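Below is one structure; the comments refer to it alone.
Please treat every number below as a calculation from the coordinates, not as lab data. This one's a predicted model, so the numbers in the text were calculated from it and none came from an experiment. Every residue, glycine among them, receives a Cβ derived from its backbone with ideal geometry; neighbour counts consider all protein chains shown.
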Amino acid sequence: MLKLRIKRSGSLHAKTIILASEQKAQASAEARANQLEATFEAIVDGLLVYDANGHLLQTNAAARELLALDAQPGYTSYSPNKRAFQHIPRDEHSQPLPEEQWPVSRVLNGEVLKGATSVDLQMRTLDERELRINASGAPIRDSKGSIVGGVIIFRDVTERRRMEQRARDALGALLSMAEILVQVPGVKSSADEYTPTTTSNIARQLAELTRSVLGCQRIAISVVDPETEVPHPLAVVGLSPEHQQQWWGDQQQQKEVPLSDSRYPELVDRLRANEVLLIDMMEPQFRDVPNPYNIGVMLIAPMCVGEQLVGTLTLDYGGAAHDYTPGEIALAGAVAKLAGLVIERERLMQERAEARANELALREANRHMDEFLGIVSHELRTPLTAIKGNIQLAQLQLKKVVEKVGTVEGVTCKLESIRGLLERADRQISTQNRLVGDLLDVSRIQASKLEFRLEPCNLVDIVREAIRDQHQASPMRTISLELDCEEMVPVIADIDRIGQVVTNYLTNALKYSEFDRPVEVILQSDGHVALVLVRDEGPGLSEIEQQHIWERFYRAKGIEVQSGTGIGLGLGLHICKTIIEYHQGQVGVESAPGQGSTFWFTLPVTV
Ligand code: ADP
């Protein structure tokens, strides 16, 4: 057709050419418009184009889908206010956004919203979902620069903001944990005073924090006893009060099984290796494990301090399907590690507080002991010594009177009976004195306050002296001494204390055997060790009794005092053992019922 027209005339020819080029331009404009339209539609962010009055001219597919615009067919004709009524635009703090702050208002006002000036909004979609939107945009101007409309780009940042919020919460929770860790909860008013916050309170706090971070349904924290390795539940959160009660009941009924005897040793090994476990309760090996809360998949994170597994943090989303992301698993692992540190720290603080309380109690007990020792030595021993002195004085005066009066009939007899009374009183006072002395000594031993004055001395002299004293006290008894050594057995010792031991062995031998039975003392030395034996022909002791007689207040049953004034408290041998062991020696007894006893002790000889 074009060819034909060219043939007809020249002007027609020119006209035809113009027409053809117009058509061509139109076609290419259409093509470009189509292309633009397709591009507009293909953009993944929501695009909304407005006229100068804020009326919506055009939206792309992404915007329609994002805001569910197709839910209300007449939406495009809505006035700006009606649109706002549908979407309720709010700022990031959920405060309603005034009209002049709406992105479209700002853009039509000439503002370009991009980068830092882009706006974060909360808004409702037409199908009533809540979204977080980041809005950017710019005015559209004509060739003269007048604003004829605007374009707004909506980007859905709901998920990103949720993740950011969760990261912020996680950071906050981790910081709170770090704070607990650093501040040491329970420390109050003064640095010295520690009021323990129960570890379970701390654990519950941690569980709550973790739950807010991970948004899971249930979290339980258990600790592993460092000595027995038995896990103990410490806290659970996320259960209804009834379920919580039931949970604690279940836990109490469970047998205490140390980790080493666990039904799942392989899982324990993996926890010890610091691995976070995901346990699918539907798997065959866990199917018969009671699952009262219908847990689908459970996460168990180890709480390790150094190499040691100090507890576990278990969480789940109930029966709801949940894919644990690598980020969540890593976060749970980190939180558990921190929780482990916090709980371990709390445990140590409690131990320290207890140790301190014990120390204070000990100090108090020591103070009481000092008071007791003071009372015993001053209020009891001092008057006894005074009485003994007075008796001895009376005995002396009586002796002089007897000498003066001579053999006056009747008087001598009376004086004799007074002498007898005085002697008895003297013996009783000596017994009292010995008992008070024993009590005092044993109290000192308990309080580690028994003191020794060590000096070089001859053990033979000490033994002879003790025998001489006993002879004087019981002149009718036979006490023999056999020396299987030189006359000099040098030792470094507290003379009085070693004398006390020999005397105690001797008085026991005398009092527990018949009046007419002899007591034999043997002293041996090989130049390194000296051995003192005190042998009697008394009742003898069974094996069991031989083991116990060295204990405080132990008195063998059925062993009666045979002679002398020998009440005892069962303290003497305990004191002897302490004294000899202080001197690096040993004590012992050889005996059998009915065959007498040989009590012995050794002392290192000075070379
Ligand atoms: P006590 O003051 O009661 O004698 P000891 O500590 O000296 O206290 O002795 C503890 C107990 O050992 C005595 O009560 C007695 O039962 C038993 N015992 C000690 N020595 C002898 C001994 N030589 N023969 C038999 N039993 C003895």
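Side notes on the structure shown:
- Using a cutoff of 8 angstrom between alpha carbon atoms and counting only pairs six or more residues apart, the relative contact order for region 251-372 works out to 19 percent.
- Ranked list, fewest to most other Cβ atoms within 10 Å of each Cβ, for K414, K144: K144, K414
- Dipole moment magnitude, nearest 20 debye, region 339-409 about Cα centre, only Lys, Arg, Asp, Glu C-beta charged: 380 debye
- Using just its DSSP H runs of length 4 or more, each adding -39500 (n - 2.57), the chain gives a mean residue ellipticity at 222 nm of -16000 deg cm²/dmol after division by all residues.
- Cross-link pairs exceeding 31 Å in C-alpha to C-alpha distance, out of K24/K114; K388/K414; K114/K144; K399/K557, comprise K24/K114; K399/K557.
- Average Cα contact separation per residue, the chain, under 8 Å, 6 or more apart, as relative contact order %: 7 percent
- Cleavage-rule hits, trypsin sites (Lys or Arg not before Pro), region 248-330, DSSP coil, Cβ neighbours within 10 Å at most 11: K255, R263, R287
- Of M163, M281, the sequence from fewest to most neighbouring Cβ atoms within 10 angstrom is M163, M281.
- Straight-distance candidates among the aspartates and glutamates for linking to K82, with alpha-carbon spacing under 20 Å and chain neighbours fewer than 8 residues away dropped: D51, E65, D70, D91, E99, E100, D127, E128, E130.
- Within straight-line cross-link reach of K400, aspartates and glutamates at Cα separation under 14 Å, skipping those fewer than 8 residues along the same chain: E416
- The ranking of L171, L69, L506 from fewest to most other beta carbons within 10 Å of each one's beta carbon is L171, L69, L506.
- Restriction of the GluC sites (Glu not before Pro) in region 378-430 to DSSP coil positions whose beta-carbon has at most 10 other beta-carbons within 10 angstrom yields E409.
- Note on region 457-541: dipole from Cβ charges, positive end direction compared against C457, L541, I492; the farthest Cα belongs to L541.
- For region 244-335, the list of chymotrypsin sites (Phe, Trp or Tyr not before Pro) that fall in a loop by DSSP and count at most 13 other C-beta atoms within 10 angstrom is empty.
- Stretch gain in nm, segment E22-I147, where the contour uses 0.36 nm per residue and the Cα spacing is subtracted: 42.0 nm
- Normalised radius of gyration (Cα atoms, divided by 2.2 N^0.38 Å) for the chain: 2.02.
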